[in-house]
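The values are calculated or read from the model by the stated rules, or taken from the named source; none is laboratory data. Keep in mind it's a predicted model, so treat the numbers as computed, not measured. Here Cβ is always computed from backbone atoms with ideal geometry, including for glycine, and neighbour counts include all displayed protein chains. Calculation scope for accessible area: heavy atoms of the full protein, side chains included, ligands and nucleic acids excluded. Shrake-Rupley method; radii C 1.70, N 1.55, O 1.52, S 1.80 Å.
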Amino acid sequence: MHARKILPFLSTLHGYSLGDLRADFTAAFTVTPMAIPQAMAYALIAGVHPQYGIYACMLPVIVAALWGSARYLAAGPTNAISMVLFSTMATVSVGGALLSSLPEEARMTYVFGLALLCGLIQVGMGLARLGDLANFISHSVMVAFATGMAFLIAGSQIKAALGLPGAQPAGFFPQIWLAMRQLDQTNCWSLLLALQTIFLILVFSRCISRRFPSTLVALAIATLTAMTLDAQSKGVTLVGAIPSIVPPLSLPPALSLGLFKDLFMPALAIALLGAVQSLAIGKQMAAIKGDSFSGSQELIAQGLGNITAGLTSGIPGCGSFTRSAPMVTLGAHTRMGSVFSGLLALPMLFVLAPMISRLPMPALAGVLLLIAAQSIDPRAIRLCLVATRVDRAVLLLTFAATLILDLERAIFVGVLLSLVLFIYKTAHPRVRRLRPDDPLLRNAPPDMPPGVAVYVIEGTLFFGAIHELERQLEEVDREPARLVLLHLTRVFWLDASGAHALEQFVERCYARSLPVILVVGGRNVRDILRRTGILDHLSSGFVADSMDQGLQLASGLLQRITCRGDVCDLPPA
């Protein structure tokens, strides 16, 4: 196998210039200070210490960038993956105890195991060339997921933003109910710090520049405010100590058949969601610069990144739009921009560790509330609601499943809805009878006798479409006609079942002394009809290459047909 297929980053290093280095490093130096607080916030969403989010910004990001297909796709922790991880720990039990109830040291081994298993699944998907399967996930499902997870993130952070006492309940509606019941116990200092952080991020990003590390500076100011006010003594929770060390090696728990069964479905949900997000963002980033994109190669890269996360104390992640888009706008030239971002995260951790340990949790909650609000796309929601009834139903069902069910189950509901929608559309070919004034009939012979029923069949004729095809053809063949012309030029695929259905329809028409002419323009469909013997059965006098030729044949046949009552004599082919 060619070395560049195994090591795709070699093509980037070949001819790498000083100008490329300067552009990539500058972009990375700007993106990394924004990525670190986001990674901390996503770790909190997952229900783990912020340090594990920072560790996921280092080696996993580097590995995913080196083996990826899109030069601007930057990986890392994301809100969607973190929400699935949180849901998993709240629902999966080991030895009768929920993962979320285990001590942190024991709980994290299972998190690392999930990251490792997720990575192996994604690498397997990539090696199996399944990179294009994400195209079957409908836009409505993805919009519903993004919206639902924004609500889930907001619900999970209300308690921290308000400084409410007690344990955090699982589920969106229990969290909202808790906040409503304990609203009178709001810690004003916590609420102040959360609102201050949101306000400062909005002001800095809008009044200074989008390149300005607004989140990092706002969190720094919140930390100084908390220190000045001695907020900890007033009941405000701080992040606590973060070890400023190289990410330690980590190992998953000893694998058993029972543990594999418990972790496989959540890992599959994370792998599928990460694959869909990474491929969608990767295609978008590649299209911006007109680059080629291999979905299967990107799945391998994301899988290797998650395997690395599982072995270096990181949480699983995927392609991140909030990290990728700045790489483009900041002028990065190659994938090395993401590599430098991963390398810079470690020295920045050493520098920022003292400040991070004094960071108030309500400030991070404010960051997450703002991320949740910005994740909602009203324009995309409106598009799905007004497009079709099916899109509207899929959007609402997936959104409801996201809020009500465990998140990994909601993912499978969305995927299942997408597949059902795809099968429904492909299994319903469009069969319509042309009116005399239809443009397709504009070249009909002026002396065309009456009684020609012209039907256009559009779509895919395969085994799943047969019942619908036969139902529609049975309906139309009951209408009075002296000759049927089937226009198959717009059929782009036909299998044995479809050919059999056409043959049965032709035989039913012949039993009623009703001739049938097929207009077959596609070579693929014509070859299948020839191999199945249908063209021989019809003979050349009843097969045309175009609509005009078919109409000429129909006119000639009708002029030679003689009828006595309901019985017509068909001319020989």
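Cross-link pairs exceeding 27 Å between alpha carbons, from the set K261/K283; K283/K425; K5/K289: K261/K283. For region 58-126, the solvent-accessible area works out to 28 Å² per residue, with a probe of 1.4 Å and every protein chain left in place. Ordering 542-555, 307-320 by mean Cβ neighbour count within 10 Å, with the highest value first, yields 307-320, 542-555.
The peptide list 80-91, 348-359, put in order of mean Cβ contacts within 10 Å with the highest first, becomes 80-91, 348-359.
Taking all C-alpha pairs of region 252-302, those more than 15 Å from each other amount to 57 percent. Within region 178-221, the ratio Rg/Rh, alpha carbon atoms throughout and Rh by Kirkwood, equals 1.17. Accessible area per residue for region 280-368 is 29 Å², calculated with a 1.4 Å probe on protein heavy atoms, without ligands, DNA or RNA.
Would you list T402, T532 from the most to the least accessible area, probe 1.4 Å? Working shown, then result.
Values: T402 0, T532 65 Å².
These residues rank, largest area first, as T532, T402.
At q = 0.19 Å⁻¹ the log10 of I(q)/I(0) for region 299-353 amounts to -0.84, computed by Debye summation with a single uniform scatterer per C-alpha, solvent ignored. Using all pairs of distinct alpha-carbon atoms, the Kirkwood hydrodynamic radius of region 205-296 works out to 19.0 angstrom.
Averaging over all projection directions, the Cα-based convex hull of region 1-83 occupies 6.3 nm² in the image plane. Pull out a ≥ b ≥ c, the square roots of the eigenvalues of the alpha-carbon gyration tensor of region 242-387, then state rounded if a/c is under 1.5, prolate if not and a/b is larger than b/c, and oblate in the remaining case. Because its axes are fairly even, with a/c under 1.5, region 242-387 counts as rounded.
Taking the inverse of the mean 1/r over every pair of distinct Cα atoms in region 149-264 gives a Kirkwood hydrodynamic radius of 17.3 Å. Most simply put, the chain has about 45% antiparallel DSSP beta bridges, counting only bridges with both residues inside it.
In the chain, the portion of solvent-accessible area held by carbon and sulfur atoms comes to 63 percent [1.4 Å probe, whole percent, DNA, RNA and ligands not counted]. Extents of region 91-197, taken as max minus min of Cα coordinates on every principal axis and listed largest first, are 55, 38, 25 Å. Between the Cα long axis of helix 389-404 and the first principal axis of the chain there is an angle of about 30°, rounded to the nearest 10.
Size descriptors for region 101-156, from the alpha-carbon set: Rg then Dmax equal 16.0, 40 Å. With contacts taken as Cα pairs under 8 Å and at least 6 residues apart, the chain reaches a relative contact order of 22 percent. Against the empirical 2.2 N^0.38 Å (N residues), region 348-434 has a Cα radius of gyration ratio of 1.75.
Per-residue Karplus couplings for region 36-49, computed as 6.51 cos²θ - 1.76 cosθ + 1.60 with θ equal to phi - 60°, are listed in order as 5, x, 5, 5, 4, 5, 5, 4, 5, 4, 6, x, 10, 5 Hz, Gly and Pro entered as x. When the inverse distances between all different Cα atoms of region 73-115 are averaged and flipped, the Kirkwood radius reads 11.1 angstrom.
Sorting F321, F340 by solvent-accessible area of protein heavy atoms yields F321, F340, largest first, with a 1.4 Å probe. In terms of packing, defined here as the mean over residues of other Cβ atoms within 10 angstrom, the peptides 126-132, 493-499 line up highest first as 493-499, 126-132. Quick check: the angle from helix 336-357's long axis to the longest principal axis of the chain, C-alpha only, nearest 10 degrees? Approximately 40 degrees, to the nearest 10. Using bins 5 angstrom wide from zero, how does P(r) for region 205-253 break down, in % of all Cα pairs? All Cα pairs, binned at 5 Å, distribute as 5, 14, 15, 15, 14, 14, 13, 7, 2, 1 percent. How far is helix 79-91 tilted off the main Cα axis of the chain, in degrees rounded to 10, range 0 to 90? Long axis of 79-91 versus the principal axis of the chain: about 80 degrees. The spacing between region 137-212 and region 9-32, judged by their C-alpha centroids, is 36 Å.
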